[in-house]
Amino acid sequence: MRRILDEEEFVVGHSYKNCEAMLTGEMEPVDTSELIVIDVSAAQDVKTEVHALRKAYANSRLVLLTDEFEYEVMVDSFRAGVDGYIVKEIACRSLVESLRLVTLGEKVLPSALLDHLADRSVMPGPSGKSGADLVKLLSEREIETLRCLIMGYPNKVIAHRLDISEATVKVHVKAILRKLMVQNRTQAAIWAVNNGVDANAACATVAAEAAPAEQDEAPELAIGQHA
């Protein structure tokens, strides 16, 4: 990891054998860091340690690097305050770009989340609404926007795919967050997954209308951007 990041203009300040060593100062302490990457395999209690790191380094961005995708761990981790959840099988270039996005304030979710959608049964979400009530809760455009949020598209890509302006996308996203009673795009995407919203239904149709070259640029990771 150090070698990869050193070659990509990142400055690796410190390395610790685990979160406890970082929090207790067993090694050289660090006062602040723009980005903290946590190897889940070295964590004893991911949720507790993320909470502790978030409290100790409130201005840092936290990323979990995990051996395999675990939906419940991912959800708990974002609720605890992480900014990115990355599966180790990701390509080096995608890893580096994902970390760069996190430092810019983006939320990064794994592409494995999309594979998880097809197998996940419809469950009650935080707002208590069922998937069948979605059409009553959101407008048609808001539902299309929500599906794109699950795919991790930033506003610029959503605007292009839905043929609307970025300003309109921002309006739709704010309306979605308000109506679903969630705080950010990541929580909205998780709500949609829990309520059986099919991301492929609308986005696949719109993507089919795009040029082949554009389709090749689809991100390997699902990436969320603040409204």
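Listed values, structure above:
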| read-out | value |
| --- | --- |
| Arg54 accessible area, assembled protein chains, probe 1.4 Å, Å² | 50 Å² |
| Rough spin-label spacing in nm, given labels placed 7 Å along Cα→Cβ, for Glu140 and Leu23 | 5.1 nm |
| Projected label distance in nm at Val75 and Arg178, using a 7 Å step from Cα toward the beta-carbon | 2.7 nm |
| Of Lys136/Lys174; Lys17/Lys107; Lys156/Lys179; Lys55/Lys88; Lys47/Lys170; Lys55/Lys107, pairs whose Cα-Cα distance is over 29 Å | Lys47/Lys170 |
| Amide H contacts under 5 Å for Ile36, placed H, 5+ residues apart | Arg61, Leu62, Val63 |
| FRET efficiency, 1/(1 + (r/R0)^6) with R0 41 Å, evaluated for Ala167 and Ala58 via beta carbons | 0.85 |
| Against the rule of thumb 2.2 N^0.38 Å, how large the Cα Rg of the range 130-193 comes out | 1.00 |
| Additional length obtainable on full extension of the chain from His51 to Asp198, 0.36 nm per residue less Cα span | 49.8 nm |
| Charged-residue dipole, Cβ positions (Lys, Arg, Asp, Glu), the range 38-112 about Cα centre, Debye nearest 20 | 400 debye |
| From phi via Karplus (6.51, -1.76, 1.60), per-residue ³J(HN,Hα) for the range 141-153 in Hz, x at Gly/Pro | 5, 5, 5, 4, 5, 4, 4, 6, 5, 4, 6, x, 6 |
| Solvent exposure ordering (accessible area, 1.4 Å, most first) of Ser60, Ser41 | Ser41, Ser60 |
| Amide hydrogen neighbours beyond the local backbone of Val108, cut-off 5 Å, H modeled | Gly84, Tyr85, Gly224 |
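The values are calculated or read from the model by the stated rules, or taken from the named source; none is laboratory data. All figures in this text were calculated on a predicted structure; none of them were measured in a lab. Every residue, glycine among them, receives a Cβ derived from its backbone with ideal geometry; neighbour counts consider all protein chains shown. What goes into the accessible areas is simple: the full protein's heavy atoms, side chains included, and nothing from ligands, DNA or RNA. Shrake-Rupley method; radii C 1.70, N 1.55, O 1.52, S 1.80 Å.
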